Amino acid sequence: MTLAGESGTGGRALREGTRADAVGGLVPAHVARPDGTEALGRVMAAAARERLSVVARGNGTALDWGGVPRRLDLLVDTTGLSWIEHIAGDLVVEVGAGTPVAELYGVLAAAGQRLSMDPVRTGGTVGGMVATGVSGPRRLLSGALRDLVIGMTVVRADGVVARSGGRVVKNVAGYDLAKLHTGGLGTLGVVASVALRLHPLPPALRVVGRAMPSREHAERTLAALRRSTVVPSAVELDRPPEGPGHLRVVLEGTPGGVGPRVAETARLLGSDPEVADALPGGWGVLPTEGTLALVSVPPAESVRAAAWVGELSGAVNAAAHVTGSLPAGALYVSFPRGTGAEAVGTVVDGVRSVPDWSMTLLRAEPRVHAAGVDLWGEVPGLPLMRAVKDSFDPGRRLAPGRFAGGI
């Protein structure tokens, strides 16, 4: 193997793969842990020379997301790419892909700033966060994760280091290229570092919540919130398999400004709302076991979609739990561990049967993969996506089969 000596300076920079390194049941022949961007470039160049298939891994919290790779020769461990350069005066941070998300958030909070996105997993790295591209509840004011990425350094399949955007918010050169890699599951390149736009921590936060006794009540409440001027940071639904759903509205701003908005939100939600000055435990974090799906619908149909998932799930005893941002039309559906593939497939087919609705399985249990349940459904623009894949990775060696259409 000519990979030896290419991955970095540490004694364990290159080693043989073990069962603990498996992705979708595939054990890599080798694991490389580069200690910097240039070292990562050398690893990828060596892999290209030997035509090795490559999957990148941070802390491994989302290795079971997407499709199962068709083959895996080399696992690239990005945890050696861990560093933070915080340009506080410009409200920008550049951070290595292997940096733990919790560490990044801690550094920003100490400076009175934040990345205005709720992480959906615990223990993950920045590279994994970007590769999966999924945003948490507080996405209404500042946008989804892809809207907060202003620059990115990526190592291509051939080992060439490519940079797009930069550390300045107004610098938009290559901005779309950075967005292209956000949510790409590592199929177009290995993310080395990311530049992110930040916001000041709000001086005050309130959470106004109430049980939603019926679908009709929830629809009226959502419509009233849309017409109001309360400007929420999140409007999050929590609909368990049984019992009424719960709606939480997050309001942020100055202490003097939040008060009237809390009162108006409480009025819109109805009698006996709950008001808290902190987010609930586990806010925005998705389940780590079982099959997990994302349902995307027109925002005005979010409540109806959540109810429809509940009906479909109840009919096959799937016990699906629905959460998500109603104004964004983004709902997460979690099936308990061990849910049968037929039950999952019934819910998926029922959702996809509605015009303009989509359901993507972000993470599927092995039995669901084995049964051939379609993870993606109809994907608009798939021919263009394949053309982009061929341009970035003509040998189709990067996480082959992990993305839509077998990309």
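The values are calculated or read from the model by the stated rules, or taken from the named source; none is laboratory data. Every value quoted in this text rests on a predicted model; they were computed, and no experiment measured them. Note that each Cβ is placed from the backbone with ideal geometry, even for glycine, and that neighbours are counted across all protein chains shown.
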* To do: Return yes when Thr339 is buried (at least 16 other Cβ atoms within 10 Å of the Cβ), touching a helix residue (DSSP H, G or I) at 6+ places or on another chain (Cβ under 9 Å) and under 24 Å from Gly123 (Cα atoms) and no when it is not.
  => no
* Restricting the stretch 212-237 to residues that are over 22 Å from Val295 (Cα atoms) and not polar (S, T, N, Q), the residue that is surrounded by the most Cβ atoms within 10 Å (Cβ to Cβ) -> Val230
* Structure fact -> Among Thr37, Thr61, Thr9, Thr18, the single one that is outside the structural domain of Met129 (by TED's automatic domain parsing) and at pLDDT below 95 is Thr9
* Structure fact -> Taking the stretch 107-143 and keeping residues in a loop (DSSP other than H, G, I, E, B) and of a type in the set (S, T, N, Q) leaves Ser116, Thr122, Ser135, Ser142
* Which one of Val295, Val354 is under 19 Å from Ala62 (Cα atoms) and either touching a Ser or Thr at 6+ places or on another chain (Cβ under 9 Å) or surrounded by fewer than 20 Cβ atoms within 10 Å (Cβ to Cβ) (or both)? -> Val295
* Matching helices (runs of 4 or more DSSP H) fully within the stretch 291-407 where at least 3 residues are more than 30 Å from Val160 (Cα to Cα) -> 302-315, 341-352, 366-370
* Mind telling me which of the residues Pro202, Pro255, Pro240 ends up being exposed (fewer than 14 other Cβ atoms within 10 Å of the Cβ), over 30 Å from Val76 (Cα atoms) and touching a strand residue (DSSP E or B) at 6+ places or on another chain (Cβ under 6 Å)? => Pro255
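Yes or no, residue by residue, for (1) β-branched (Val, Ile, Thr); (2) in contact (Cβ under 8 Å) with a residue 24 or more places away in the chain; (3) surrounded by fewer than 18 Cβ atoms within 10 Å (Cβ to Cβ); (4) more than 29 Å from Asp374 (Cα to Cα):
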position: Ala32; (1), (2), (3), (4): no, yes, no, yes
position: Gly41; (1), (2), (3), (4): no, yes, no, yes
position: Glu50; (1), (2), (3), (4): no, yes, yes, yes
position: Val55; (1), (2), (3), (4): yes, yes, no, no
position: Leu63; (1), (2), (3), (4): no, yes, no, no
* Could you say which residue among Ser116, Ser164, Ser135 is in contact with a strand residue (DSSP E or B) (Cβ under 8 Å, 6 or more places away or on another chain), free of Cβ contacts under 8 Å to residues at least 24 places away in the same chain and not assigned by TED's automatic domain parsing to the domain that holds Arg248? -> Ser164
* To do: Might you check whether a residue that is touching a residue at least 40 places away in the same chain (Cβ under 8 Å) and closer than 27 Å to Ser313 by Cβ occurs anywhere in the stretch 263-272?
  => yes
* Can you confirm whether the stretch 338-348 contains a residue that is within 29 Å of Val191 (Cβ to Cβ) and either at pLDDT 95 or above or of a type in the set (Phe, Trp, Tyr) (or both)? => no
* Asked: Do you know which residues across the stretch 357-397 are at positive phi and crowded, with 16+ Cβ neighbours inside 10 Å?
  -> Arg396
* Structure fact -> Of the conditions (1) in contact with a Gly (Cβ under 7 Å, 6 or more places away or on another chain); (2) at pLDDT below 95; (3) not polar (S, T, N, Q), the single one that Leu140 does not satisfy is (1)
* To do: Name the residue, out of Gly310, Gly324, that is in contact with a strand residue (DSSP E or B) (Cβ under 8 Å, 6 or more places away or on another chain) and within 19 Å of Ala223 (Cβ to Cβ).
  => Gly324
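Here's the yes/no breakdown for (1) touching a residue at least 40 places away in the same chain (Cβ under 8 Å); (2) in contact with a Phe, Trp or Tyr (Cβ under 6 Å, 6 or more places away or on another chain); (3) more than 30 Å from Leu63 (Cβ to Cβ):
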position	(1), (2), (3)
His246	no, no, yes
Gly259	no, no, yes
Gly282	no, no, no
Glu289	yes, no, no
Ser325	yes, no, no
Ser334	yes, no, no
* To do: Report yes if some residue within the stretch 67-86 is among the aliphatic types (A, V, I, L, M), in a loop (DSSP other than H, G, I, E, B) and closer than 21 Å to Ala364 by Cβ; otherwise report no.
  => yes
